Amino acid sequence: MKVSTWADGFGNWHALVTEQGIGDAQKAERRARYAIITELSMREGPKFDPERMTVRQVSRTSRDGELMTEFVEQWPED
């Protein structure tokens, strides 16, 4: 399983999880959340509180035996 993260032009963080075969949706979601939290923690430092952050799946693509699932960070409305 491979995970890459990036921010779009609106400041939203994304994670792309690449797996072999049919994949594991729950594991991919956990990996995506962890990767985004790690990225934001490094950037924001101790003031970052990941407790309320979740991720939302935005796409799922299969190609050449690999399953690629994209997630985006999601925060509850206050």
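Data table
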{"read-out": "Any chance Val3 is among the hydrophobic types (A, V, I, L, M, F, W, C), in contact with a helix residue (DSSP H, G or I) (Cβ under 6 Å, 6 or more places away or on another chain), surrounded by 11 or more Cβ atoms within 10 Å (Cβ to Cβ) and modelled with pLDDT of 95 or more", "value": "yes"}
{"read-out": "Residue check, Thr38 buried (at least 18 other Cβ atoms within 10 Å of the Cβ) and out of contact with any Phe, Trp or Tyr (no Cβ under 9 Å at 6 or more places or on another chain)", "value": "no"}
{"read-out": "Flag for Phe48 being in contact with a His (Cβ under 8 Å, 6 or more places away or on another chain) and either at pLDDT 95 or above or surrounded by fewer than 16 Cβ atoms within 10 Å (Cβ to Cβ) (or both)", "value": "no"}
{"read-out": "Verdict on Val17 being in contact (Cβ under 8 Å) with a residue 12 or more places away in the chain, over 12 Å from Glu73 (Cβ atoms) and either in contact with a helix residue (DSSP H, G or I) (Cβ under 6 Å, 6 or more places away or on another chain) or among the hydroxyl-bearing types (Ser, Thr, Tyr) (or both)", "value": "yes"}
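The values are calculated or read from the model by the stated rules, or taken from the named source; none is laboratory data. No experiment lies behind these values; they were computed from the predicted model shown. Using ideal geometry, Cβ is built from the backbone for each residue, glycine included, and neighbour counts are taken over all protein chains shown.
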